[in-house]
Amino acid sequence: MAGEAERVYPPTSTAPQYSEELLQKNVACKCRGGEIVRVRFSLLLQSKTFEELWKCQGLALNELPDDFVFSVESVSSSVFNKVVHWMNHRIGMEDPVVQMDPKTYEAVWLTFTEYERNFFKLNAVRLAELLNASNFLCINSLHLYATQALAALLKGKSLEEIRELIGAKDDLSEEQKKEILAKNTPLLVRAGVCVAFVAISYILQKLFVPTHRGFFRGDKCIRHSFRPETFEFKQFNTVANLTTIFWLTLGEFAMNIRPGERFDDRYCRWDWRRRLVQMLHFTTIWLLGMAINTFFLNLFKQSAGSLRPYFVKLCEPVDNATGLAIDNKTFGVNHFFNNYTCSNSNLHQDVDTRHSFYSGHASSAFFFATFLVLYIHGRILPSCHRCFSFFFALYALPFGAASFVTMTRVSGHKSHSVDVIFGALAGTAVAVCMVFFHRDQFFAATFVANRKSESGSSGKSGKSGASSEPSRDEIFDLGNYLIF
């Protein structure tokens, strides 16, 4: 605008122009133990710490005070002399820039010259001292190269080897190690027991045949028509397993994160390793429950030898004594067949027709439903207890799906009513037992008792007990809603 005074901006800061005389002078550097090492001023300018110190003290750009001493007492004289050699090597060189690999997004390693390879031929302790010195003096080039040299030395080493390299002592006592081992032992034990149950179930199914069971000619419960499967067992297991994995992942990686573990874009404090281990604990509990449920299922199927509703249609049994089919009018309605064979030569179908009790679909469906509901109730609901009513409506979904799968076994002539009822009860019982015997994993210990004890102790010291009474939100405890 006309008449307005022109705005004047202050000049941008530039690098200070030190006199040539000052650049050639030696600066006294006081190292650890009071040892003095004299270094040329121009070399020390590679240290951002020294440069900032000179600026902050407002010292002249052309004169070195007689009493000026640069204190580096956190660095030994031998290490500091090594740093001086590095600064001599880097005269006139630009600081290295770390490049990122566009494919892996990892830092590209710097290329060492012959001098630099020889310079960093040090043990881990010496490299760590050199790295500390570079941090204190803020020499970027030394920091990057020393970091890479130390990383290359430690790469591929085990924890014990790294401790030996840097001379570090084990900071865990024997009692702490035993405590850590005790926490992880149940996980390994559950995995081992799970494998054992799976092996026994496989042996029961493959090496033993179902019990040979007789029947009456007039028994209409085993004369139903054969219908194709509504739900294949593999398809059902795939859906159930994926659903369980989804809720376990949601519960352990999203809901049960401590305040100190919240993901932070700057510091990345989210302890995903702890979350993964916790998820593995619940996964082994779930897999162990599945293995036990399968063991009982195969045990009952093989020992009971119960005939399926479509047994007669698929087996087409023949009486061994007469060689006649059971539908021959020679036999009366109440004739009992015990010595018979199936005229159908399909061995797999012959075995399957004797696996009616109890229903595997029903037991597996209700095991998954019960386990999921108890897991959500114990691990996810406490984090969202304000939506308590919604969760009870949510619980109807897995039980509704389990009931639908169970009813298709009856309507599809695959199992008898008693088979699916007993199967549903068996699956539910296994899931409840698994959660009950691992309740310390599912349900966090209530802290109301602790708060009350604190209230009592504060009352003894003269403070009012009402002041420390927990609020309604604080005393939410799952034990109020689920009783074992």
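Observations, loosely collected:
- Shape call, the range 60-179: gyration tensor on alpha carbons, a/c limit 1.5: oblate
- Backbone N under 12 Å from the Leu64 label point (7 Å along Cα→Cβ), restricted to the range 31-49: 37-45
- Net charge in the neighbourhood of Glu229 (other residues with Cβ under 15 Å of its Cβ; Lys, Arg +1, Asp, Glu -1) is +3.
- Shape call, the range 176-442: gyration tensor on alpha carbons, a/c limit 1.5: prolate
- Computed about the Cα centre, the dipole magnitude for the range 176-442 is approximately 520 debye when only Lys and Arg (+1) and Asp and Glu (-1) carry charge, each at its Cβ.
- Residues Ala168 and Ile91, FRET efficiency given R0 of 30 Å [Cβ-Cβ distance, rounded to 0.05]: 0.25
- The slack in the chain from Trp109 to Phe216, taken as 0.36 nm per residue of separation less the alpha-carbon distance, amounts to 30.4 nm.
- Gain on full extension, evaluated as 0.36 nm per residue between Ala429 and Arg40 minus their Cα-Cα distance, stands at 131.9 nm.
- Filter on Lys48/Lys169; Lys206/Lys234; Lys30/Lys55; Lys301/Lys329 - keep pairs with C-alpha separation over 26 Å: Lys48/Lys169; Lys301/Lys329
- Sites Glu175 and Ile200 - FRET efficiency at Förster radius 35 Å, r taken between beta-carbons, to 0.05: 0.40
- Net charge dipole, the range 14-173: roughly 280 debye, given to the nearest 20, about the Cα centre with Cβ charges of +1 for Lys and Arg and -1 for Asp and Glu.
- Positive-end residue of Val69, Val83, Leu59, charge dipole of the range 9-105 with Cβ unit charges: Val83
Each reported figure results from applying straightforward, stated rules to the coordinates on display, with no laboratory input. Keep in mind it's a predicted model, so treat the numbers as computed, not measured. Please note: Cβ atoms are built from the backbone with ideal geometry, for glycine as well, and neighbour counts cover all protein chains shown.
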